[in-house]
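Asks: Submitted below is the structure of interest, expressed as structure tokens.
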Amino acid sequence: MSQDFSVFANVYINNCYIMHFDADYVREDELDPQALFIISDCFYNDSNKKQKNIKETIYAKMRNYSLILKEMEEVENGTKPNAIRTNKCTKRNKCLYYDECFKEESQIDDNSILTLVTSQYKYQMYESGIRYLKDANIDMIEGTRQQYAQIQADINGGVFVDKHALKGWLKNIHYPIAFLDFEWDTYAIPPYHGMKPYDVLCFEYSIHILNEDGSIDHHEYVGTKDCRQKLIENMINDVGKHGSIIAYNANGAEKIRLQEMIAQFPHYANDLWHIYYRMEDLQQPFMLGMVYNTKMRGTYSLKTLMSILDEKAYKSLDINQGMEAVFNWRQIDNDEDINSEEIMLHLKQYCAMDTFAMIKVFTKLQELAKDFV
């Protein structure tokens with residue numbers, strides 16, 4: 001391969017580089033831009049190891065885009081083509097335009113075969129005339145616990161409970177039970193001492209404590225700017241020393257946040273690890289197919305579950321989405337014209353609703369394990 005590559009007339013590229021953050025950089029009191037960035041001539045693999053030369057990779061994939069651009073213009077100027085569903089539409093996260101392309105799916109029944117999770121054949125079943133979960137073709141399902149729960153729920157009239165599995169999970173929960181939820185922001189450039197690129201800063205928590213006699217206590221904290229240490233100290237005090245701690249998606253969120261706190265503030269490690277190892281994930285009974293209600297329509301987010309128990313709970317809040325909470329929190333320091341006290345109140349109401357919703361879901365699971373026949 002030649003050392004010089006001609007892209008356009010009289011334009012030659014000797015090499016290609018990318019500038020990126022150093023994942024190992026830890027900020028001191030002052031930001032060091034020279035240490036923060038790395039200049040590299042290679043792409044990296046998932047293990048953060050140099051893998052492919054940028055220039056060679058780019059030139060190997062170069063194409064003549066004139067024909068593609070022409071086809072795009074024809075589509076833009078012509079009639080709107082029919083939407084074609086592929087596995088890319090819902091891979092990892094559902095495409096932002098999915099609901100626009102397939103509007104008819106918003107009108108499907110709760111027990112539609114199209115709500116079957118992790119199924120690559122549900123559309124084939126639908127097109128073959130199979131409309132409901134209970135009629136699923138046994139040879140066209142993957143056989144996961146979630147799918148089994150969905151199909152059985154439809155056969156049972158709407159609800160499925162693996163009573164013995166659910167009771168087994170509940171045995172690990174001990175009073176007093178602290179329901180914990182964090183709200184956090186992510187920073188590409190670390191703003192404070194001890195932080196790395198793309199580190200997370202927790203600025204709020206809510207803790208609802210359910211006592212064995214049924215009484216409930218509530219604690220909360222919302223900070224501004226670098227409130228990490230104060231949040232940790234307050235949380236350690238508020239969460240208590242005994243009983244289980246429950247979070248929704250604890251394994252994918254709260255436990256990771258605790259590990260980050262330990263890395264940044266190792267002198268709190270003992271208390272934070274104590275919280276970590278007492279934590280249970282309220283998402284597990286739904287992920288493992290212990291419980292399913294067809295009203296869930298194939299999803300089991302906390303908001304979905306709460307909407308079944310109390311449809312108006314989140315809708316009544318001024319802030320009712322996680323990203324909306326982050327956006328409003330950012331305004332406290334960046335906009336002098338906003339009402340900080342009002343935003344603080346709305347943030348507290350939103351985070352508190354998350355932990356209150358967990359209590360509602362948890363007590364419903366207790367009822368199902370006890371009463372379901």
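Asks: For residues in region 234-265 being hydrophobic (A, V, I, L, M, F, W, C) and open to solvent by 40 Å² or more (accessible area, probe 1.4 Å), which is modelled with the lowest pLDDT?
Replies: So in region 234-265, the residues hydrophobic (A, V, I, L, M, F, W, C) come out as 235-236, 239, 245-247, 250, 253, 256, 258, 261-263, 265.
Add one more test, that the residue is open to solvent by 40 Å² or more (accessible area, probe 1.4 Å), and what stays is 256, 263.
Working: ILE256: 97, ALA263: 94.
Taking the candidates together, the pick is ALA263.
Asks: For the condition surrounded by 14 or more Cβ atoms within 10 Å (Cβ to Cβ) and either without any contact (Cβ under 8 Å) to a residue 12 or more places away in the chain or not in a helix (DSSP H, G or I) (or both), what is the one hit in TYR300, TYR268? Reasoning before the result, please.
Replies: Details: TYR268 fails: either without any contact (Cβ under 8 Å) to a residue 12 or more places away in the chain or not in a helix (DSSP H, G or I) (or both).
Criteria check complete, one pass: TYR300.
Asks: Quick one: in region 72-85, which of the residues that are in a loop (DSSP other than H, G, I, E, B) and of a type in the set (A, V, I, L, M, F, W, C) is surrounded by the most Cβ atoms within 10 Å (Cβ to Cβ)? First the steps, then the outcome.
Replies: Residues of region 72-85 in a loop (DSSP other than H, G, I, E, B): 78-85.
Then keep just the ones that are of a type in the set (A, V, I, L, M, F, W, C); that gives 83-84.
Values: ALA83: 12, ILE84: 7.
So, considering only residues that are in a loop (DSSP other than H, G, I, E, B) and of a type in the set (A, V, I, L, M, F, W, C), the one surrounded by the most Cβ atoms within 10 Å (Cβ to Cβ) is ALA83.
Asks: In this structure, does THR355 turn out to be crowded, with 18+ Cβ neighbours inside 10 Å, more than 27 Å from ILE216 (Cα to Cα), touching a residue at least 60 places away in the same chain (Cβ under 8 Å) and touching a strand residue (DSSP E or B) at 6+ places or on another chain (Cβ under 9 Å)? Lay out the reasoning, then the answer.
Replies: Working: crowded, with 18+ Cβ neighbours inside 10 Å: yes; more than 27 Å from ILE216 (Cα to Cα): no; touching a residue at least 60 places away in the same chain (Cβ under 8 Å): yes; touching a strand residue (DSSP E or B) at 6+ places or on another chain (Cβ under 9 Å): yes.
Here the answer is no, as THR355 does not meet what is asked.
Asks: Only residues that are within 23 Å of PHE286 (Cβ to Cβ), open to solvent by 30 Å² or more (accessible area, probe 1.4 Å) and among the small types (Gly, Ala, Ser): list them for region 86-142, please.
Replies: SER106 - this is the single residue of region 86-142 that is within 23 Å of PHE286 (Cβ to Cβ), open to solvent by 30 Å² or more (accessible area, probe 1.4 Å) and among the small types (Gly, Ala, Ser).
Asks: In region 86-124, how many residues are assigned to a helix (DSSP H, G or I) and of a type in the set (Lys, Arg)? Don't jump to the end; show me each part of the working.
Replies: Filtering region 86-124 for residues assigned to a helix (DSSP H, G or I) gives 87-89, 98-101, 103-107, 113-115, 122-124.
Imposing the further condition that a residue be of a type in the set (Lys, Arg) reduces the set to 88, 103, 122.
Counting residues in region 86-124 that are assigned to a helix (DSSP H, G or I) and of a type in the set (Lys, Arg) gives 3.
Asks: If you don't mind, another one. Take the residues in region 38-66 that are hydrophobic (A, V, I, L, M, F, W, C) and either in a helix (DSSP H, G or I) or in contact with a His (Cβ under 8 Å, 6 or more places away or on another chain) (or both); name whichever of them is nearest to ILE189 (Cα to Cα). Give the derivation first.
Replies: Keep residues of region 38-66 that are hydrophobic (A, V, I, L, M, F, W, C), which gives 38-39, 42-43, 54, 58, 60, 62.
When the remaining residues are screened for being either in a helix (DSSP H, G or I) or in contact with a His (Cβ under 8 Å, 6 or more places away or on another chain) (or both), the result is 38, 54, 58, 60.
Details: ILE38: 13, ILE54: 24, ILE58: 28, ALA60: 33 Å.
The residue in question is ILE38.
Asks: On to the next question. Out of LYS55, LYS49, LYS61, I need the residue that is surrounded by 13 or more Cβ atoms within 10 Å (Cβ to Cβ) and of a type in the set (D, E, K, R). Which one? Walk me through how you get there before you give the answer.
Replies: Numbers: LYS49 fails: surrounded by 13 or more Cβ atoms within 10 Å (Cβ to Cβ); LYS61 fails: surrounded by 13 or more Cβ atoms within 10 Å (Cβ to Cβ).
From the options LYS55, LYS49, LYS61, the qualifying one is LYS55.
Asks: Would you confirm whether any residue within region 66-76 is within 30 Å of the chain's Cα centre (by Cα) and either among the aliphatic types (A, V, I, L, M) or under 30 Å from GLN120 (Cβ atoms) (or both)? Explain how you work it out, then say what you get.
Replies: Step one: of region 66-76, the residues within 30 Å of the chain's Cα centre (by Cα) are none.
Looking through region 66-76, none of the residues is within 30 Å of the chain's Cα centre (by Cα) and either among the aliphatic types (A, V, I, L, M) or under 30 Å from GLN120 (Cβ atoms) (or both).
Asks: Same structure again: Given the criteria among the β-branched types (Val, Ile, Thr), farther than 30 Å from GLY298 by Cα and surrounded by fewer than 19 Cβ atoms within 10 Å (Cβ to Cβ), does ILE173 qualify? Quick ask: steps written out before the conclusion?
Replies: Values: among the β-branched types (Val, Ile, Thr): yes; farther than 30 Å from GLY298 by Cα: no; surrounded by fewer than 19 Cβ atoms within 10 Å (Cβ to Cβ): yes.
Here the answer is no, as ILE173 does not meet what is asked.
Asks: Something else now. Within region 307-321, can one find any residue that is in a helix (DSSP H, G or I) and open to solvent by less than 30 Å² (accessible area, probe 1.4 Å)? Lay out the reasoning, then the answer.
Replies: Filtering region 307-321 down to residues in a helix (DSSP H, G or I) leaves 307-309.
With open to solvent by less than 30 Å² (accessible area, probe 1.4 Å) added as a condition, the list becomes none.
Checked against the condition, which is being in a helix (DSSP H, G or I) and open to solvent by less than 30 Å² (accessible area, probe 1.4 Å), region 307-321 yields no hits at all.
Asks: Here's a follow-up. Among the numbered conditions (1) surrounded by fewer than 14 Cβ atoms within 10 Å (Cβ to Cβ); (2) small (Gly, Ala, Ser); (3) within 26 Å of the chain's Cα centre (by Cα), tell me where GLY168 comes up short.
Replies: Unmet condition: (3).
Asks: Let me ask another. Being of a type in the set (Ser, Thr, Tyr), surrounded by 17 or more Cβ atoms within 10 Å (Cβ to Cβ) and not in a loop (DSSP other than H, G, I, E, B) is the requirement here; does TYR205 meet it? Let's see the steps before the verdict.
Replies: Working: of a type in the set (Ser, Thr, Tyr): yes; surrounded by 17 or more Cβ atoms within 10 Å (Cβ to Cβ): yes; not in a loop (DSSP other than H, G, I, E, B): yes.
Taking the combined requirement at face value, the residue satisfies it.
Asks: For PHE43, which of the numbered conditions (1) open to solvent by 100 Å² or more (accessible area, probe 1.4 Å); (2) out of contact with any Phe, Trp or Tyr (no Cβ under 7 Å at 6 or more places or on another chain); (3) in contact (Cβ under 8 Å) with a residue 12 or more places away in the chain fails to hold?
Replies: Exception for PHE43: condition (1).
Asks: Across region 128-154, what is the total count of residues that are in contact (Cβ under 8 Å) with a residue 60 or more places away in the chain and either among the basic types (Lys, Arg) or in a loop (DSSP other than H, G, I, E, B) (or both)?
Replies: Step one: filter region 128-154 for residues in contact (Cβ under 8 Å) with a residue 60 or more places away in the chain, giving 133, 144-150, 152-154.
This time we only want the ones that are either among the basic types (Lys, Arg) or in a loop (DSSP other than H, G, I, E, B) (or both), so: 144-145.
Residues that pass the stated criteria total 2.
The values are calculated or read from the model by the stated rules, or taken from the named source; none is laboratory data. Please read all numbers here as calculations on a predicted model, not as lab measurements. Note that each Cβ is placed from the backbone with ideal geometry, even for glycine, and that neighbours are counted across all protein chains shown. Note: areas computed on protein heavy atoms with side chains; ligands, DNA, RNA excluded. Shrake-Rupley method; radii C 1.70, N 1.55, O 1.52, S 1.80 Å.
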